[in-house]
Number of protein chains: 4
Amino acid sequence: MKAWEIRDAFGIDALQCGERPDPPLQHGQVRVRVRAVSLNYRDLVTVKGGVRTLRLPLIPCSDGAGEVVEVGPGVTRVKVGDRVAGIFFQKWLAGEITAAHFASALGGALDGMLADFVVLHEDGLVHFPPHMSYEEAATLPCAAVTAWQGLVTKGGIKAGDTILVQGTGGVSIFALQFGVMAGARVIITSSSDEKLARARQLGAWETVNYKTTPEWGKRVMELTAGEGVDHVVEVGGAGTLEQSFQATRVGGTISVIGVLTGFTGQIDPYPVLRKGLRLHGIYVGSREMFEAMNKALAIHRTRPVIDRVFSFAETQAALRYLESAAHFGKIVITV
Amino acid sequence: MKAWEIRDAFGIDALQCGERPDPPLQHGQVRVRVRAVSLNYRDLVTVKGGVRTLRLPLIPCSDGAGEVVEVGPGVTRVKVGDRVAGIFFQKWLAGEITAAHFASALGGALDGMLADFVVLHEDGLVHFPPHMSYEEAATLPCAAVTAWQGLVTKGGIKAGDTILVQGTGGVSIFALQFGVMAGARVIITSSSDEKLARARQLGAWETVNYKTTPEWGKRVMELTAGEGVDHVVEVGGAGTLEQSFQATRVGGTISVIGVLTGFTGQIDPYPVLRKGLRLHGIYVGSREMFEAMNKALAIHRTRPVIDRVFSFAETQAALRYLESAAHFGKIVITV
Amino acid sequence: MKAWEIRDAFGIDALQCGERPDPPLQHGQVRVRVRAVSLNYRDLVTVKGGVRTLRLPLIPCSDGAGEVVEVGPGVTRVKVGDRVAGIFFQKWLAGEITAAHFASALGGALDGMLADFVVLHEDGLVHFPPHMSYEEAATLPCAAVTAWQGLVTKGGIKAGDTILVQGTGGVSIFALQFGVMAGARVIITSSSDEKLARARQLGAWETVNYKTTPEWGKRVMELTAGEGVDHVVEVGGAGTLEQSFQATRVGGTISVIGVLTGFTGQIDPYPVLRKGLRLHGIYVGSREMFEAMNKALAIHRTRPVIDRVFSFAETQAALRYLESAAHFGKIVITV
Amino acid sequence: MKAWEIRDAFGIDALQCGERPDPPLQHGQVRVRVRAVSLNYRDLVTVKGGVRTLRLPLIPCSDGAGEVVEVGPGVTRVKVGDRVAGIFFQKWLAGEITAAHFASALGGALDGMLADFVVLHEDGLVHFPPHMSYEEAATLPCAAVTAWQGLVTKGGIKAGDTILVQGTGGVSIFALQFGVMAGARVIITSSSDEKLARARQLGAWETVNYKTTPEWGKRVMELTAGEGVDHVVEVGGAGTLEQSFQATRVGGTISVIGVLTGFTGQIDPYPVLRKGLRLHGIYVGSREMFEAMNKALAIHRTRPVIDRVFSFAETQAALRYLESAAHFGKIVITV
């Protein structure tokens, strides 16, 4: 098998492509011919050395889709020829998250999907919606499941809700699609009017340019007649929480799913108390959530929004493009 | 004020139209010029004497919409000219149902809406969605709120779910609309292929004629690839529960909202246990639910499905039409 | 290994004890020296041929506890010497129940625990509370987990609630203990005043002899000042549901966990609707529930109530004793 | 009527005691002879001018209990002679919190309970548990309901959970009592070993002196075998959140109920995401929650912990004592 690896140094330039022996299949294991991989911000952090306690060498990237080419003894969930995607936490099949699940993250605790072949346990795979290509399916495991857990599993959004989505990265665009699908109104922010226009085409109800309207929390209040939104999909972290607190209605919910603006900041937690807010931290999700989401995607024949597709050889260029934050939706690598 | 009353005898023919004095407004009370009333099966049962312990004379009918024409001292929630609908249980404003709420049902424990003017406490009113006519708004208080509580508040339906709706009466058609709005697939049953065709136009995914397919539970299983539906809106009671048990997936939910087939029957409750089903009895809903529903209806500019509109003078004909069960959606009386 | 088996005929007398070869361990498998087994009503039904589609020969009994004596390759959850119990559905680790879990029930779809040695996957085991003996731990997998799912996981009981428990079998006595532990008041029924007196010693607040008070639903209403209980643990099925409907408060919950009175009966489902009841069918539970329960049992150093202990050779006598319904709590077989 | 008032200046010394005319009762109103008032930190902030947009003169204090001495027309919930307590938000009867409820807070938006007689709407009163004195009942409306909403209504604590309670103020001691009542283990922190010893007498499982153990988050991890607690009752705000994040298990819950350490601080929200935490802001609670809590208190005959009782004339001394933070439990004023 061929794979990109973090070997002994960090950084996009230090990433190396090489050969590894093909391991034999143990009881319950499945060999998948990877056909596409998608990138997440976390993969960039990993490659650049931002994650402590990685065991090297490591194959990065959590998200991939491909075809089952061989099954080990005892396998019953999939068969050769099935089109499948890996799940982010290989051991988080259902129920609540526990510390034990962390040790099974692809492209982190375990080797990831940036390879032409991978071996995974059958429990760590899902069948993706039949109308999707491998490129589309590869966008689901991290970003889409995160948006689904935040809005649907934990958030319990319902028709008539108003949702605020920050930015136009992978999670945010999936959140926009899920919000529209569930009968909610979605407000989206971006620093680019062009991206906001594209978001409207995907069904966004209102848009706010946070560059020209830095006090976007106040603007969201105006858009909602002074009431605030029911749900915020918060990807910024310390740098955006204050505006999110302001934009949320009394009793509303904030899904904390990213810290793109950095880790620490001067935060006043008082609005959480005074407005009776609920914050929940969303760390991807379980296979049970993934499969519920796939049902919704299949019924609605939803197409994930792919910004650009790179070849396997162009992996480093793909990571640099992600770093530029110029994208709208997902960045995919074909294998 | 002019009103239809159950005086000293039951039956559609015994219903009498007469004059009552206009009561003065007390603290917190509001006078509403009723413009439209909608009928529910329960109103028919009431008129025909099927409800024990009614105090006569009684003005029947829980559902009405109209215009505020006068407000008493201390009123702040509405003002003269507002377009409002009454809520079914005048005292169930929010939270869980309690026995105390029962004593505040319009057209039952209290006089109802089948009059040209009514006096209600301001807490017992909601503003209805601006795009609706009085006729449309009059359909909401009982049937729509029931469907909303069953599917949304208690049921927690989500995009990708499959829902089974029985028949094409008022609650069922609202359930169809809410299911579609929430991104679910809806299967609907009827004894009339023509009604099923209309249901498809409203967004039904699949239909089953229960006359030509009496084993519709089995048919629903086939339609769902042997899995069963996530949620059944059960309006039949003893006569349909068995098929509903069969049609529901392991771990699925049944909203018990009607007993149209009669009260008692030979029922085997074992499938509840074996399939881990959840049944919840739905008795209309609170003002909090009504207002959440109105947000969804307003955003989607949903139009309630009205089968036929009768004049106030034709009230008895309207009840007879309801009795015939020929309708699709709601029957309305203009006042 | 030595095991009791249903071979080619049903009935307690037809049960046979014999030798089976010891299978080698596969990846992830564990060999357990069974030290104690407990009986459930379902085991009796199985032995007597009441379950369709069993593959014979079958080792019956879902519940057992023992000591890990050997671990296969890749095992990390347990080690040799660990004291463990099996979980009822070997594949239901967490999350919601699905049809797929059914095919992994011990003593049903799979061979059970009535043997001196068993081989299970490491995922199908839990460590039981340290203060318990093997006999005590053997009582947990079916009865205790069922009571826990009904009252805690699904029921969400809280301090101040009032709970009605039917009878003094295994599930009911665990429900009594969990209710008391959670700060609730527990009312218990039995046909024996002596058993009711013992239930009071375990913390029951009130008792009702359903033989001398056949209208026990009414009696429960009196005990709760006309309000009804918050939660019923319903083990009777068709023959007791009517009284349970009567005993439950408006908006209350009924955990449907047994059908001891038989499968079919004349039931009027109208109270479900009129009182806004919630019924949920409880089919044992997941490993996640089992482990949460074990935490509670460990903190409270709860002792399961064992009625009588039989030797492995006396297995048939143990089943006959269960059949007599004379027990209070659990019947255990030492291996 | 006689009342303490904030008239035209802030500060404990500026508080004035005077006479007000007794207002006549309107429809639905009730006159209560106040017998005891309890103090909350929020009352101190109010008296000292820390709350914006108060309309003066204002009678402070949200919490009081007394006897119904007169009822207005239409009152049905209470009668003369009933022993009652006021609810914090007079309009929050049930369901979710909304912005509209804020305008009905006693001792804030509305005049409070620090008077010998008050007039409230019957909906704004609850009957308190019969075993309690007026002094004990006066401690319930703010502190006890806050602890109840956080742990029970929103938190859904269950037997076997481990709860961390910060400090020994009113909310914290109620949280300790509710935790024990619900079958949970409670860890409590304080800067005083003597207070910690008293907390153990009330049932605390473990204690941490945060003065001698400033890294108490780490200590809590040790006490829980590296797992962390299920639930934190967070009263400190910006100054304690970081340790609370550390002390909480993956997937655990933090009830944000106070900001005693001040409003703003350097906070890193990343652990919310990484550990999948849930934070909910708790702003007292509804009448529905108050009444559910009263059932639990009545069944368990719980006695609120009163640190010291002052006379009505000593009100300023009582506030100064609260300011000193020397108390353990609640400070009460008899009227």
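The values are calculated or read from the model by the stated rules, or taken from the named source; none is laboratory data. If you're wondering where the values come from, they're calculated on a predicted model, not measured in any experiment. Here the Cβ positions follow ideal geometry from the backbone for every residue, glycine too, while neighbour counts run over all protein chains shown. The protein model used for the area step is the full one, side chains on, heavy atoms only, and it has no ligands, DNA or RNA in it. Shrake-Rupley method; radii C 1.70, N 1.55, O 1.52, S 1.80 Å.
Quick look at the values:
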| item | result |
| --- | --- |
| Once the Cα gyration tensor of the range D:213-273 is diagonalised, semi-axes √(5λ) in Å | 19, 12, 11 |
| Mean Cα-pair separation over length for the range D:155-281, i.e. relative contact order, pairs under 8 Å, 6 or more apart, % | 21 percent |
| Shielding by other protein chains, B:295-305, mean Cβ within 10 Å | 3 |
| q = 0.09, 0.13, 0.15 Å⁻¹, chain C: log10 I(q)/I(0) [Debye, one scatterer per Cα] | -0.46, -0.95, -1.23 |
| Choice from A:G50, A:G64, A:G107 showing the highest fluctuation, given a GNM over chain A with Cα pairs closer than 10 Å | A:G50 |
| B:K79 accessible area, 1.4 Å probe, all protein chains in place, Å² to nearest 10 | 130 Å² |
| Inverse of mean 1/r across different Cα pairs in the range B:116-215, Kirkwood, Å | 14.8 Å |
| Overall Cα dimensions of the range D:155-281 - principal axes, largest extent first, Å | 37, 29, 26 |
| Dipole magnitude of chain B about its Cα centre (Cβ charges: Lys, Arg +1; Asp, Glu -1), debye to nearest 20 | 420 debye |
| Debye, to nearest 20: dipole size of the protein assembly as shown, +1 on Lys, Arg Cβ, -1 on Asp, Glu Cβ | 0 debye |
| A:L202 paired with D:R33, simple spin-label distance in nm, labels 7 Å along Cα-to-beta-carbon | 6.7 nm |
| C:D230 accessible area, assembled protein chains, probe 1.4 Å, Å² | 20 Å² |
| Rel. contact order, % - alpha carbon contacts under 8 angstrom, at least six apart, the range A:1-112 | 27 percent |
| Distance in nm between pseudo-label sites at A:R7 and D:K2 (7 Å out along the Cβ direction from Cα) | 8.9 nm |
| Lys/Arg +1, Asp/Glu -1 at C-beta; chain A dipole; positive extreme among A:P73, A:G285, A:T207 | A:T207 |
| Exceeding the 27 Å Cα-Cα cut-off - candidates B:K154/C:K330; C:K154/C:K330; A:K275/B:K295; A:K295/A:K330; A:K275/D:K330 | B:K154/C:K330 |
| Helix-derived mean residue ellipticity, 222 nm - over the protein assembly as shown, DSSP H n ≥ 4, -39500 (n - 2.57), to 500 | -6500 deg cm²/dmol |
| Reference-scaled alpha-carbon Rg (2.2 N^0.38 Å with N residues) for the protein assembly as shown | 0.94 |
| Cleavage-rule hits, GluC sites (Glu not before Pro), the range C:183-278, DSSP coil, Cβ neighbours within 10 Å at most 12 | C:E215 |
| Largest-first ellipsoid semi-axes for the range D:240-328, taking √(5λ) over the Cα gyration tensor eigenvalues, angstrom | 32, 22, 12 |
| Table column - 3J(HN,Hα) (Hz), the range A:236-247, Karplus curve with 6.51, -1.76, 1.60, x for Gly and Pro | x, x, 3, x, 10, 4, 4, 5, 5, 3, 5, 7 |
| Under the Karplus curve 6.51 cos²θ - 1.76 cosθ + 1.60, θ = phi - 60°, whole-Hz ³J(HN,Hα) for the range C:127-144, x wherever Gly or Pro sits | 7, 8, x, x, 7, 8, 7, 4, 4, 5, 4, 5, 7, 7, x, 9, 5, 5 |
| Largest-first ordering by accessible area, 1.4 Å probe, given options B:L58, A:L54 | A:L54, B:L58 |
| Inter-chain Cβ neighbour average for residues D:157-168, partner chain, 10 Å | 5 |
| Computed accessible area, B:K2, all protein chains, 1.4 angstrom probe, square angstrom | 80 Å² |
| Accessible heavy-atom area order of D:R198, C:R31, highest first, probe of 1.4 Å | D:R198, C:R31 |
| Derived scalar couplings ³J(HN,Hα) [the range B:151-167; Karplus, 6.51 cos²θ - 1.76 cosθ + 1.60; whole Hz; x for Gly, Pro] | 7, 9, 4, 8, x, x, 4, 9, 4, x, 5, 10, 10, 10, 10, 9, x |
| Charge tally in the Cβ shell below 14 Å around B:P24, where Lys, Arg are +1 and Asp, Glu are -1, B:P24 excluded | 0 |
| Amide H partners (placed H, <5 Å) of A:G49, local residues excluded | A:G11 |
| Most mobile of A:Q149, A:Q266, A:Q16 in a GNM of chain A (Cα contacts under 10 Å) | A:Q266 |
| Relative contact order, percent, chain C [alpha-carbon distance under 8 Å, six or more residues apart] | 18 percent |
| Most fluctuating residue given options A:V208, A:V51, A:V152, as computed from a GNM of chain A linking Cα atoms under 10 Å | A:V51 |
| Magnitude of the charge dipole, the range A:65-141, Cβ model with Lys/Arg +1 and Asp/Glu -1, debye to 20 | 180 debye |
| The range B:8-31 versus the range B:139-175: alpha-carbon centroid distance in Å | 31 Å |
| For residues of B:150-156, the mean tally of beta carbons on other chains within 10 Å | 2 |
| Principal axes of the range C:269-319: Cα extent on each, largest first, Å | 51, 32, 19 |
| Alpha-carbon centroid distance for the pair the range C:43-113 / the range B:217-281, whole angstrom | 29 Å |
| Label spacing, shortest first and in nm, from C:A326 to its equivalents in the remaining copies (7 angstrom along Cα→Cβ) | 6.8, 6.9, 8.6 |
| Gyration tensor verdict on the range C:47-165 (Cα atoms; rounded if a/c is under 1.5, prolate if a/b is larger than b/c, oblate otherwise) | oblate |
| Hull shadow area, averaged, the range D:136-188 [alpha-carbon convex hull, nm²] | 3.3 nm² |
